Each structure stands twice: as structure tokens, then as C-alpha cells.
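Student: Can you keep this structure in mind? I'll have questions shortly.
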């Protein structure tokens, strides 16, 4: 384990009694609620200094969503654990500049709001959505609010991201879960090519998380993930990699302790100063946590 407290830059919490998550229904792992106390127990011997909450794809449609309600829920969790220092809610950036009143309300009411995520991975037509003029306009509008944007796609959608990045050059961006590479299908060459090209965009950071869930859930090994972590480090360097657990989604394939141990092994030759950047300092900088 790291010899210092880490920052977990991707934590999920949800409550089925307060919010609606239709996509979780039918999944035994996801159709139960997770509170911050569950996370505290799950950390085991991993010492966590701070956490960043990421939105959980609450139900929404063209008429609206549970954007503010989810923030209010997380604020209640943070009242019981002040280590939740950042919140990244969902907002319908596909509305273009029409999303701005909602963004303004978010940052005026909730000081923990640091950025926005609008998942495109599960959309019927991710390309048309993410590359639409309105979506790009909505994401670019985040700059005036001091917010970043989180990209959530999988490896089969990476060509969309390459095109998207040409249109968003000033807003800070971060790619969640290393872009969900095709580990189970052995798409290592594609991943190496993708991260090398992505890293050329200096406003893009990458989140080292979620890799076990993209491998064989039951039989993955540290060796399976080592080459993907190596490729990430080679492309982005220690200055733009942010560690995260993706708990409790990670429970499909690993625990927090095992994931930290895996990353430790993969980064065994990395100097201590760079380890501190990956495990803590970069998240503090990117999410403006003030630590």
C-alpha cells in the first residue's frame, strides 16, 4: 500500500429510496443502495484522505433529470464524511448554452461541484450525440463556470473521442477508466495507439481506474493489467494520471485493496514523487480540492 493517504477520484454512492436508477434494476450488485459508511468499511487498510463523487446515471429524459436531487443526496453523505470534497454531477450538455442556468445554480448552491459528466457510452447513437454542435457547445460552456468535463466511453467508441477533442481545446477534460479498454478481447495494440494519440491533447488527463472490470471478472491477473497501466504511464506520464477506485462498480471484479495492490505492483519502479502525483497530488490539482 502507498506510504501516504491517497485521494480516491472516482467514488459512487446511490440510494434507491431517494433516486431512480432504472439501469441498475436486475443487477444484484447494483440494485442495492450504497452509503458512505459502506465505502468506509470497504477501504480496509487503504488510507484515504479525500474522495470525489461521480454521478451515477440517475434516470433522465428530454424533460429533465435528477441532477440537483443527486447533488443534495451526496451533500448529505458528505455531512457524515467530510472527506467527500468533490462532486461531479450530470448535466444535459447536449442542450448547448441552454444548460447554463442549471450549471450556474449548481455552482452557486454547491461549492463541492467541480465538473460535469454526461455519459455517452450507453446512448443509442453516441457519435451523433457527442459530436453534435449543441453537445460541443455545452461542453465548451463549462469553461466560463470553472468546470471540467469527464468523458465516459468504451474502447469501441474511441474514434468519437479523437474527433471530439478537436472541438474542445480549452476545457479541462479527463477520460474515465482509461477509456474502458478491451482487455478481455486483447485489444492492447489499439489501446497503445489510442492513448498515444489522446495524450497529445494537453487539456486531457486520464483516470487510472476500472481496468479489472474490463478484464475477465473472475480470472484476471496483475499481468493482464500491467501492460495497459504501462501504456498509460508511457503516454500520459505521471503528471496527468489520476488514481481512482470506481467503487462500488469495481466490485464486479475486485476490491479496493486488491486494486490498490495491483497498481502498486505495476508502478513498483516509479519514483516516490511520481507515485504521490498519481495517487494524490494530481487529483488535488485537477479537482481543486484545496489539500
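Student: What translational diffusion coefficient, in µm²/s and rounded to a whole number, does the Stokes-Einstein relation yield for the stretch 17-117 at 4 °C and a viscosity of 1.567 mPa s, taking the hydrodynamic radius as the Kirkwood radius over Cα pairs?
Tutor: 88 µm²/s
Student: Okay, moving on. Just the number, please: percent antiparallel of the DSSP beta bridges in the chain, rounded to the nearest 5.
Tutor: Of those bridges, close to 10 percent are antiparallel.
Student: Simple spin-label model, 7 Å along Cα-to-Cβ: residue 107 to residue 163 in nm?
Tutor: 2.9 nm
Student: Right, next: Just the number: Rg to Rh for the stretch 88-193, Cα atoms, Kirkwood Rh, two decimals.
Tutor: 1.00
Student: Once each part is reduced to its C-alpha centroid, what is the distance from the stretch 238-266 to the stretch 1-78 in angstrom?
Tutor: A separation of 16 Å, based on Cα centres.
Student: Give me log10 I(q)/I(0) at q = 0.09, 0.10 Å⁻¹ for the stretch 6-286, Debye formula, one equal scatterer per alpha-carbon, no solvent.
Tutor: Values, matching the q order: -0.39, -0.48.
Student: Regarding the stretch 1-75, what whole-number volume in Å³ per residue does the convex hull of its Cα atoms give?
Tutor: 102 Å³
Student: Semi-axes, largest first, in whole Å: what does sqrt of 5 times each Cα gyration tensor eigenvalue give for the stretch 186-232?
Tutor: Value: 22, 11, 8 Å, ordered largest first.
Student: Go through 5-14, 217-226, 74-83, 137-146 and give me the packing order, highest mean Cβ count within 10 Å leading.
Tutor: In descending order of packing, they fall as 5-14, 137-146, 74-83, 217-226.
Values in this text are rule-based calculations from the coordinates and carry no lab data. On a predicted model such as this, the values are computed, not experimentally measured, just so you know. When we count neighbours, we look across all protein chains shown, and the Cβ atoms used for this are built from the backbone with ideal geometry, even at glycine.
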